[in-house]
Amino acid sequence: MRFMIIGKATKESEANILPTPEAIAEMQKYNEELVKAGILLAAEGLSASSKGARVKFSGDKRTVIDGPFAETKELIAGFTIIQAKSLAEAIEWVKRAPNLSPNGEAEVEIRKVMDIDDFGDAFTPNAEIAKVKIQ
């Protein structure tokens, strides 16, 4: 199973204030542990929402909304994707992560990445072709 670990944005990340060099070194060490365990699939930070946009869909209409976005607590600052046997294992790995928050308060979300098998009979025979391409 794959899990996405979602790092929530903060006032600092939205202001493009990077973590200290020491915090970055701690995160690199943690990511190296994930690599050694063979479970790290991706780990990326995201630019502040001021450098992004949203596209709102309403029927056939598309509306572009430029950042920044108001609710920092609803934004993502970065993500990691790991492969783990269960949610419990993913949680245990996340609990080992360093806290990069300058004020000591942080929250991450862990979500299972959907696989084709999660959709069951909803997939048509053409989905088997897609499954082969994904794997």
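The values are calculated or read from the model by the stated rules, or taken from the named source; none is laboratory data. Predicted model, so just to flag it, every value in this text is computed and none were measured. Note that we place each Cβ from the backbone using ideal geometry, even for glycine, and neighbour counts take in every protein chain shown. To get the accessible areas, we keep the full protein, side chains included, count just its heavy atoms, and leave off ligands, DNA and RNA. Shrake-Rupley method; radii C 1.70, N 1.55, O 1.52, S 1.80 Å.
Spelling out what I want: for every residue of segment 32-41, take phi, set θ = phi - 60°, compute 6.51 cos²θ - 1.76 cosθ + 1.60 (Karplus), and round to whole Hz; glycine and proline get x.
Result, rounded to whole Hz: 5, 4, 5, 5, 4, 6, x, 10, 7, 9.
Once you keep just the Cα pairs under 8 angstrom separated by 6 or more residues, what percentage relative contact order results for segment 2-70?
RCO, segment 2-70: 24 percent.
For the chain, what does the helix formula give at 222 nm: sum of -39500 (n - 2.57) over DSSP H segments with n ≥ 4, over the residue count, nearest 500 deg cm²/dmol?
-8500 deg cm²/dmol
Could you compute the longest span of the chain free of trypsin sites (Lys or Arg not before Pro) located in DSSP loops and having at most 12 other Cβ atoms within 10 Å, not counting the site residues?
1-84
At most 16 other Cβ atoms within 10 Å and a DSSP loop assignment: could you name the GluC sites (Glu not before Pro) in segment 15-123 that fit?
Taking segment 15-123 and a limit of 16 other Cβ atoms within 10 Å, the loop GluC sites (Glu not before Pro) found are E71, E105, E107.
Of M27, M1, which has the most accessible area with a 1.4 Å probe, and how do the rest follow in descending order?
On the way: M27 50, M1 90 Å².
Most to least solvent-accessible, the answer reads M1, M27.
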